[in-house]
Every structure is written in C-alpha cells, then in structure tokens.
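One structure is given here, and the rest of the page talks about it.
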Amino acid sequence: MAIVVTVAQQKGGAGKTTLVAQLAAALAASRRVAALDVDPQASLMRWQAARKSALKAAAAGLTVADCAGWRLAGEIARLARSHDVVLIDSPPHAETEARLAVRAADLVLVPLQPSPLDLWATEPTLALAHAEKRAVRVVLNRAPARGRLLDATRAELARAEAPVLAAALRNRSAYPAAMQRGLGVTESAPKGQAAAEVRALIAELSDWLGST
Ligand SMILES: Nc1ncnc2c1ncn2[C@@H]1O[C@H](COP(=O)(O)OP(=O)(O)O)[C@@H](O)[C@H]1O
Ligand SMILES: [Mg+2]
C-alpha cells in the first residue's frame, strides 16, 4: 500500500500544485509515484501534459490522474494499490472533496506563505486535518531566509500547535520555470538551490516517505 500525502490549503496561490509537482518529480526518481489532481483548475494535468512532451510519453515516469466528486475515495485506493506514494493536490476549499482527500491521507502537508493573511486563511485547513485526526505538517513556501515576518509566523504556528517543518521553499524563479517545462527542479536544475530545498524537504519527511 502506498503512503498517501495530501497537500491541502484553502488559500489559493499558496503553492499546493507547486509542492505536489516538485515532490512528485523528485520522488519519481526512486519510487512509483501517482499524483492526483482534485482541483478543478487542473493545473497538475497541464504540468503532466508539458511533462509528456518534454520527456516523451513513458519517460515521464509517474502517473497523473484527475478525479472529482464521489469517485475520489475509490480512485485514491486504486492508485494506492499500484504505487509507493500517492500525492493529492486538493481543491481550495474545505468542502466534501477536500475533506475526503484529507481523510485518505497518512500525512497532510499545508503550504503556507509567511504572511498574516495566509496564516489566518490556513486555520480551516488545520482544523480539518485536526478533525480528521491526520498527521499534519506546515511547509513554509516563498519564505525569506530570515526576518521578523518569518519569526512571527513560526511563533504563531507554535502557539496554534501546528507543527512546521524546518525545510522551507524560498521564493525562486526555478520553481515556475520548471513547472512550465513539465519538470521538477530536481530534474531541471539538480545542482541548484531549489533542488536542494526539495531534497531537504523529502529528507525531513522520511518518517512517511522513507529515505532515498
Ligand atoms: N517557492 C516558490 N517560488 C516562486 N514561485 C512560486 C513558489 N511557489 C509557488 N510559486 C508560484 O506561485 C503561484 C501559485 O502557486 P501554486 O502552486 O499554483 O499554488 P496553489 O496550487 O496553492 O494555488 C504560481 O504562479 C507558482 O508558480
Ligand atoms: Mg493549484
């Protein structure tokens, strides 16, 4: 059975699709990975289409599917049978599909840009993960290396007892640039700083993902 990781965050633009694509591409080097696009915007499907033309069909090396509505739980279970990791890009609201995606998860990752508005918007997502009794980790995205806002965000998350990963993604053009090509940064620029961030993130999640 696969490990199911749901990337959830009600706030649009927080980095859900970016995080799913980066993890999927990096993990696909050593594991059978499926990514499930539950967002009606279907950005992950667009990424996969670019990926197929960049890497040529089978070489894309991972399964990307979309799914909505009542079929979701069944689709997650189906993908879990034939993969090692299932990553779910969940829709930006806290309704049925987001709840099902969280319920199916072994781990819920919540990308968060360090800003008060994003922090407040994250509360329903954290509450949902809590209500479903899922392990949850906040991933700071587009994070500055240091500064007052970063410290305040970490402090507020600590007060809310929301565990935050030490590994964070900085604001780097390498991320959208790789997305545009259907790649992850570990593929487009494996020696770059963005790739190092993604690898550090995966290393910190070794309790769920194992070590590479
Ligand atoms: N770490 C990052 N550095 C630079 N740009 C980023 C980063 N993370 C996300 N972005 C950009 O921010 C926008 C929103 O990210 P996206 O992954 O689509 O968020 P969501 O899926 O939560 O709506 C996109 O244009 C994406 O390329
Ligand atoms: Mg998205």
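Throughout, read-outs are computed from the coordinates displayed, never taken from laboratory work. For clarity, every value in this text was computed on a predicted model and none was experimentally measured. Ideal geometry is used to build each Cβ from the backbone, glycine not excepted, and the neighbour counts take in all protein chains shown.
Points to keep in mind about this one:
- Karplus-derived 3J(HN,Hα) values for segment 191-203, using 6.51 cos²θ - 1.76 cosθ + 1.60 with θ = phi - 60°, are 9, x, 5, 5, 4, 5, 5, 5, 5, 5, 4, 5, 4 Hz; glycine and proline are entered as x.
- Whole-percent pair-distance distribution, where bins are 5 Å wide, for the alpha carbons of the chain: 1, 8, 17, 21, 22, 17, 10, 4, 1, 0
- Structure-based [θ]222 nm, the chain - -39500 (n - 2.57) summed over DSSP H runs of at least 4, per residue, nearest 500: -13500 deg cm²/dmol
- Calculated P(r) tail over 14 Å for segment 150-207, as whole % of Cα pairs: 61 percent
- Relative contact order (percent, whole number), segment 9-78, Cα cutoff 8 Å, 6+ residue spacing: 33 percent
- Highest mean packing comes first when the peptides 26-32, 86-92 are listed by Cβ atoms within 10 Å, giving 86-92, 26-32.
- Segment 1-77, Rg to Rh (Cα coordinates; Rh as Kirkwood inverse mean 1/r): 0.94
- Look at THR6, THR122, THR212 and count the other Cβ atoms within 10 Å of each Cβ; fewest to most, that gives THR212, THR122, THR6.
- Burial ranking of peptide ranges 185-198, 145-158 (average Cβ count within 10 Å, highest at the top): 185-198, 145-158
- Relative frequency of Cα-Cα separations exceeding 25 Å in segment 67-168, percent: 25 percent
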